[in-house]
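In what follows, a structure is listed as structure tokens, so that the remarks can point back to it.
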Amino acid sequence: MNLNKLITIPVLALLISISRPYAVRAGSLPPTTSTNGAASVRGVVKFEGTVPKAKQISMSADPSCAKQHPSPVFAQEVVTDSKGDLQDVVVFISDGLGDRSFDAPTQAVVVEQKGCMYEPHVLAVRANQPLRVVNDDPTSHNIHPTPANNREWNKAEPPGTSLDESFAREEIAIPVKCNVHPWMHGYVAVFKHPFFAVTGKDGSFDLSSLPPGTYTIKAWHEKLGTSTQTITIGANETKEISFVFKGV
């Protein structure tokens, strides 16, 4: 029996498992973070009242944009479903993590310029995590974030190209515009921790893998402002909460 082979095979397997890259979802803990005894906060964000009438967008200034939309296009400022579930709300831990620190993911979060709109309209990234901006349109764009607490940048993007940038400091949320197409607006929320979510069409959110503790949780919307709740959650516990925004 060859003892060298017996030793070499398990060592090689160990090296492969260590070197294998992993994907990190925006807002998730990396695999090296222990989640023993972790807690979760789940819920939904609702809108009550009359939903403001969405403004119709005119793209006539750029025919290459207009011809991509046979139906009318509307601004994405307040978007709900028939049940009042509110989309594009950033829900996040604003206090309670103490001096804990978290490594930023290396996987890029992607925003597309598609149909001369930003997709998604609102997104969230970690501080120092790559933000990849992709131009899927047949026309040139530029992307111009206007932060209050980060470096401002303004870069042109020809059709079919992409660029990577990042933000060094937490900021909720940074307005983004295109100087070529004035109707294009979006937001990027930047966090120093992984405990955040952006609500989709059903208004739901899930903040998982939380250490037990007492937390201030905020829900931010670009037009409706910020709502705040404080909860205490124990090990292996899941709590459900809801945020309600009301029309003016």
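Determine, yes or no, whether R151 is touching a residue at least 40 places away in the same chain (Cβ under 8 Å) and over 13 Å from the mean Cα position of the chain (by Cα).
Details: touching a residue at least 40 places away in the same chain (Cβ under 8 Å): no; over 13 Å from the mean Cα position of the chain (by Cα): yes.
Spelling it out, it is not the case that R151 is touching a residue at least 40 places away in the same chain (Cβ under 8 Å) and over 13 Å from the mean Cα position of the chain (by Cα).
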task = Please go through the stretch 48-76 and pick out each residue that is closer than 21 Å to V180 by Cβ, of a type in the set (A, V, I, L, M) and in a loop (DSSP other than H, G, I, E, B).
result = M59, A61, A75
ask   = Across the stretch 77-98, what is the number of residues that are open to solvent by 60 Å² or more (accessible area, probe 1.4 Å) and either part of a strand (DSSP E or B) or closer than 15 Å to G203 by Cβ (or both)?
value = 3
message = Just checking, does the stretch 40-53 include any residue being in contact with an Asp or Glu (Cβ under 8 Å, 6 or more places away or on another chain), surrounded by 10 or more Cβ atoms within 10 Å (Cβ to Cβ) and modelled with pLDDT under 95?
response = yes
inquiry  = What's the number of the only condition in (1) in a strand (DSSP E or B); (2) on the phi < 0 side of the Ramachandran plot that S209 fails to meet?
reply    = (2)
ask   = Tally time: how many residues in the stretch 111-131 are farther than 15 Å from Q76 by Cα and surrounded by fewer than 16 Cβ atoms within 10 Å (Cβ to Cβ)?
value = 1
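Can you name the residue in the stretch 189-248 that is hydrophobic (A, V, I, L, M, F, W, C) and over 20 Å from L123 (Cα atoms) and, of all such residues, is surrounded by the most Cβ atoms within 10 Å (Cβ to Cβ)?
Taking the stretch 189-248 as the starting set, the residues that turn out to be hydrophobic (A, V, I, L, M, F, W, C) are 189-191, 195-198, 205, 207, 210, 217, 219-220, 224, 231, 233, 235, 241, 243-245, 248.
If we keep only those that are over 20 Å from L123 (Cα atoms) too, we end up with 210, 231, 233, 235, 241, 244, 248.
Details: L210: 24, I231: 14, I233: 20, A235: 12, I241: 16, V244: 14, V248: 7.
So, considering only residues that are hydrophobic (A, V, I, L, M, F, W, C) and over 20 Å from L123 (Cα atoms), the one surrounded by the most Cβ atoms within 10 Å (Cβ to Cβ) is L210.
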inquiry  = Here are the criteria: (1) within 25 Å of D103 (Cα to Cα); (2) more than 13 Å from the chain's Cα centre (by Cα). Tell me which single one K246 does not satisfy.
reply    = (1)
request  = Could you grab me the full set of residues in the stretch 151-188 that are assigned to a loop (DSSP other than H, G, I, E, B) and open to solvent by less than 20 Å² (accessible area, probe 1.4 Å)?
outcome  = W153, F167, C178, H181, M184
task = Could you figure out which of (1) closer than 27 Å to D62 by Cα; (2) open to solvent by 30 Å² or more (accessible area, probe 1.4 Å); (3) hydrophobic (A, V, I, L, M, F, W, C) isn't true of I143?
result = (2)
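The values are calculated or read from the model by the stated rules, or taken from the named source; none is laboratory data. It should be emphasised that the depicted structure is a prediction, and the values quoted were computed from it without experimental measurement. When we count neighbours, we look across all protein chains shown, and the Cβ atoms used for this are built from the backbone with ideal geometry, even at glycine. With ligands, DNA and RNA removed, areas are computed over all heavy atoms of the protein, side chains included. Shrake-Rupley method; radii C 1.70, N 1.55, O 1.52, S 1.80 Å.
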